[in-house]
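The values are calculated or read from the model by the stated rules, or taken from the named source; none is laboratory data. Just so we're clear, the structure is a prediction, and the values are computed from it rather than from any experiment. Heads up, the Cβs are rebuilt from the backbone with ideal geometry, glycines too, and the neighbour counts pull from every protein chain shown.
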Amino acid sequence: MINEFIQFSLTPILIGILAGISCAVPGNFLILKRQALIGDAISHVVLPGIVVAFIFTGVISTIPMLLGAAGAALVAVILIEIIKRLGKIEPGAAMGVVFTGMFALGVLILEQTDTSKVHLDVEHALMGNLESLIWLKAQGWQSLFDLDVLKTLPDELFRIIFVCGFILSLTVIFWRWLKIVTFDEEYARTIGIHSSIINFSLVIITAIAAVAAFESVGSIIVIAMFICPPAAARLMTNKLGIQVIWSIVFAILAAIFGYIIAGYGPLWFGSKNSVSAAGMIAVVSGIILLLTCMYGPCRESVGQKKD
Amino acid sequence: MNTFVQAMLFQAGYNVALVTVGAILLGIAAGSAGTFLFLRKRALVSDAIAHATLPGIGVAFIIMIWLGGDGRSILGLLCGSAITALIGLFIIEWIPRRTRLPEDAAIGSVLGVFFGAGIVLLTVIQTMSSGRQAGLESFLLGSTAGMLFQDAIVIAIGGFFSILGIWIARRPLTIVSFDKDYAISVGYDVRQIDLLMMGLVLGVTVIGMKLVGLILIVAMLIIPAVTARFWSNRTDEVVVIAGFLGGLSGYIGAVLSASAPSLPTGPIIVMIAIVLFVLSLFLAPNSGVFSTFIERRKTKSNIHRRQGLLTIAKGENVVSSFTRKLLANEGLSRSDGLTDKGKKLVTKILIDENRWIAAKEVYPDKDMNINYGIKLIEETLTKEELLKVDQYIKSHKFKSITYD
């Protein structure tokens, strides 16, 4: 039983947790800056990015795909900014134009190129394949200390560990700046912080998190992890530091319970097959948000009607 | 090419013609319904609505199978999708009202969570009885050229009724999206009208899903509306133009996809809409990028020409090299002073300058600094007002500026 858990469930749960944290931490700042939907836009343009990367390289391999996705995210952010300024269009609509347009282009190119033989399909990009990231060589807990066996862990795990560590350390290093820019851009400017650089870096970090997480949990589910844990955390506290910690806790809870319910839940109902873990993680994060909306200690803004 | 022309003229078979008509009607409905969303600055609510339809499709399929049906009845699936989309819409409205979270956080969480639930249900359906579930994925990205007759009929009829609904409700919708506070003051219930607008958007989303897919239906709601905004400043006109652009995209897209079966209908329609958007962004006569650029340069030259000429007429030196170059290039000044052409223009400008100064004294309450020195006074005041100003200048109370 334990052996089976380590082989089939440990790595997906870990990847789910780390992907959740990587998205939830920048999500805190996006929500406070009313830019929550930039994560939505970025996760939609991941598809055209990987399609173009595939066309250029002709192979399905991770690094070019990740670069393609990151490139597409960057192009999307720049296009949104250009359309916003040139056309004097409100941000939401500019985002809508850019990401739907790029997504349509991605689907179109995908249908035109012969990618059917290789494992590159839209549903995969949308839904992810958390369940397939297994660790077959593991034999019980002692495998965690066996270097040779550790090497056989899925590469996705090492990448998400790296990205998660990168995002967390950047957040700690630039904490003071992030905090000031998030709450008061005017004040930030007067004390000499370039808020535009911080804002742009935040978008880049968002893109990195989205791209890294999309690989394992799928691009649409990423949106839930960007928004639900930080939004729920926002209703728990008034302090930014504590809010970030709450969001990490919620992301971890969503990943663990989501995976377990998806993997073992159907068995309790007598079904033999499990359901999508990525989807279930999103659902659990939504349930957490719903609970905080109803019972969170700081759920109301000052003067809001209690009904 | 032959099929292309045939498809264009609705001659490439009954089914193709029906899909084309459906795409046109859907485009018109989506374009005009999307305009109200865009003008209320809630464009991305449509994204959440669209994603929230997925669990409904799954639930409807499961229930229909459970009741012993086929599970693929399009009406049943559409009803299911409408119900979960409605729940999603309700939550988007409830979260910002009840908590301190902003609307965009509500949109994003509904979008992600409902889509996640939909994916879970799809995996449930995949394990239920293989083969029978085929076709549900087509709701994600729309179906390609081969569409069932039944689906095309639903889209055509649904599109027609959505357009009818928008036509009937056009007045309150227009007023609320143009000026919310005014709408309240004349007695409209803004919340109800917003709900009506959302209902229309929901209807368009649900019927358009089968054709373009739930992810790309958002494009058909947003892009034509944003494009139309470049062509007019009047709400009622923007609605009509957006409907036209949406219908045009639907028509060209459906025709292209009928003549080249490897081109999926949904993405091609969206790409046509994007092309129209980019063309308008750059080329629209009043707010396009090019005309704004030209207008700005013209204004800059006007100011420099006017100030430069006045400075020379006063006998002072022009400091700005841009002004000097401009005056020399237009043959208005030489190194030794103004040319004849320049002198003529100075006389004209002086009249205008005096009129401006006088106008400020005649109409002290009018804010005229916006155009002073940029446009001619004829473009700012009415004929009657100008007549009064001229009379004032002729009277002895006003001392005109003159240069020799």
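Residue by residue, here is whether (1) under 23 Å from residue A:40 (Cβ atoms); (2) over 11 Å from the mean Cα position of the chain (by Cα); (3) assigned to a helix (DSSP H, G or I); (4) not assigned by TED's automatic domain parsing to the domain that holds residue B:166 holds:
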site: B:206; (1), (2), (3), (4): yes, yes, yes, no
site: B:215; (1), (2), (3), (4): yes, yes, no, no
site: B:219; (1), (2), (3), (4): yes, yes, yes, no
site: B:231; (1), (2), (3), (4): no, no, no, no
site: B:248; (1), (2), (3), (4): no, yes, yes, no
site: B:267; (1), (2), (3), (4): yes, yes, yes, no
site: B:271; (1), (2), (3), (4): yes, yes, yes, no
Residues (within 14 Å of residue B:34 (Cβ to Cβ) and either of a type outside the set (A, V, I, L, M) or part of a helix (DSSP H, G or I) (or both)) located in region A:81-97 = A:90, A:92, A:93, A:96, A:97
key: Residue list for region B:98-114, restricted to those being assigned to a helix (DSSP H, G or I) and either over 27 Å from the mean Cα position of the chain (by Cα) or more than 7 Å from chain A (Cβ to nearest Cβ) (or both)   = B:98, B:103, B:106, B:110, B:113, B:114
key: Test: residue in region B:11-20 that is more than 15 Å from the chain's Cα centre (by Cα) and buried (at least 24 other Cβ atoms within 10 Å of the Cβ)   = yes
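Here's the yes/no breakdown for (1) of a type in the set (Gly, Ala, Ser); (2) modelled with pLDDT of 90 or more; (3) over 22 Å from residue B:142 (Cα atoms); (4) in contact with a Ser or Thr (Cβ under 7 Å, 6 or more places away or on another chain):
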{"position": "B:157", "(1), (2), (3), (4)": "no, no, no, no"}
{"position": "B:174", "(1), (2), (3), (4)": "no, no, yes, yes"}
{"position": "B:181", "(1), (2), (3), (4)": "no, no, yes, no"}
{"position": "B:187", "(1), (2), (3), (4)": "yes, no, yes, no"}
{"position": "B:209", "(1), (2), (3), (4)": "no, no, no, yes"}
{"position": "B:214", "(1), (2), (3), (4)": "no, no, no, yes"}
query = Which of (1) within 14 Å of another protein chain (Cβ to nearest Cβ); (2) at pLDDT below 75 does residue A:102 not meet, given it meets every other one?
reply = (2)
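Residue-by-condition table, conditions (1) out of contact with any Pro (no Cβ under 9 Å at 6 or more places or on another chain); (2) farther than 29 Å from residue A:275 by Cα:
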residue	(1), (2)
B:36	yes, yes
B:42	yes, yes
B:50	yes, no
B:58	yes, no
B:61	yes, no
B:80	no, no
B:90	yes, no
B:93	yes, yes
B:98	yes, yes
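So that you can scan it fast, the table gives a plain yes or no per residue for (1) in contact (Cβ under 8 Å) with a residue 60 or more places away in the chain; (2) part of a helix (DSSP H, G or I); (3) within 29 Å of residue B:118 (Cα to Cα):
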site	(1), (2), (3)
B:154	yes, yes, yes
B:176	yes, yes, no
B:192	no, yes, yes
B:199	no, yes, yes
B:210	yes, yes, yes
B:258	yes, yes, no
query = Is it true that residue B:50 is in the same structural domain as residue B:269 (by TED's automatic domain parsing) and modelled with pLDDT of 90 or more?
reply = yes
key: Residues that are farther than 15 Å from residue A:295 by Cα and in a helix (DSSP H, G or I), drawn from region A:230-245   = A:230, A:240, A:241, A:242, A:243, A:244, A:245
inquiry  = Based on this model, can you work out whether residue A:279 counts as of a type in the set (Gly, Ala, Ser), within 21 Å of residue A:223 (Cα to Cα) and in contact with a helix residue (DSSP H, G or I) (Cβ under 9 Å, 6 or more places away or on another chain)?
reply    = yes
ask   = Take the residues of region A:60-81 that are touching a residue at least 40 places away in the same chain (Cβ under 8 Å) and over 15 Å from residue A:45 (Cα atoms): which is surrounded by the most Cβ atoms within 10 Å (Cβ to Cβ)?
value = A:60
request  = Using the structure shown, decide if residue A:110 is within 13 Å of chain B (Cβ to nearest Cβ), crowded, with 17+ Cβ neighbours inside 10 Å, touching a Pro at 6+ places or on another chain (Cβ under 8 Å) and modelled with pLDDT of 70 or more.
outcome  = no
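Residue-by-condition table, conditions (1) buried (at least 24 other Cβ atoms within 10 Å of the Cβ); (2) modelled with pLDDT under 90; (3) touching a Ser or Thr at 6+ places or on another chain (Cβ under 8 Å):
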residue	(1), (2), (3)
A:198	no, yes, no
A:216	yes, yes, no
A:226	yes, no, yes
A:239	no, no, no
A:246	no, no, yes
A:266	no, yes, yes
Answer from B:242, B:260 - the residue that is surrounded by fewer than 17 Cβ atoms within 10 Å (Cβ to Cβ) and not charged (D, E, K, R) = B:260
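Condition check ((1) buried (at least 16 other Cβ atoms within 10 Å of the Cβ); (2) in contact with a Cys (Cβ under 6 Å, 6 or more places away or on another chain); (3) part of a helix (DSSP H, G or I)) across all residues:
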position	(1), (2), (3)
B:281	yes, no, yes
B:297	no, no, yes
B:315	no, no, no
B:348	no, no, yes
B:353	yes, no, yes
B:360	no, no, yes
B:378	no, no, yes
request  = Could you check how many residues of region A:145-167 are assigned to a helix (DSSP H, G or I) and in contact (Cβ under 8 Å) with a residue 12 or more places away in the chain?
outcome  = 11
remark   = Over region B:279-304, the set of residues within 9 Å of chain A (Cβ to nearest Cβ) and of a type outside the set (Gly, Ala, Ser) is B:281, B:282, B:289, B:292
message = For the condition in contact (Cβ under 8 Å) with a residue 12 or more places away in the chain, part of a helix (DSSP H, G or I) and either under 27 Å from residue B:251 (Cα atoms) or within 13 Å of another protein chain (Cβ to nearest Cβ) (or both), what is the one hit in B:76, B:80, B:27, B:56?
response = B:27
request  = Determine which single condition residue B:252 fails, assuming it passes every other condition in (1) more than 22 Å from residue B:233 (Cβ to Cβ); (2) at the interface with another protein chain (Cβ under 10 Å from one of its Cβ atoms); (3) of a type in the set (A, V, I, L, M).
outcome  = (2)
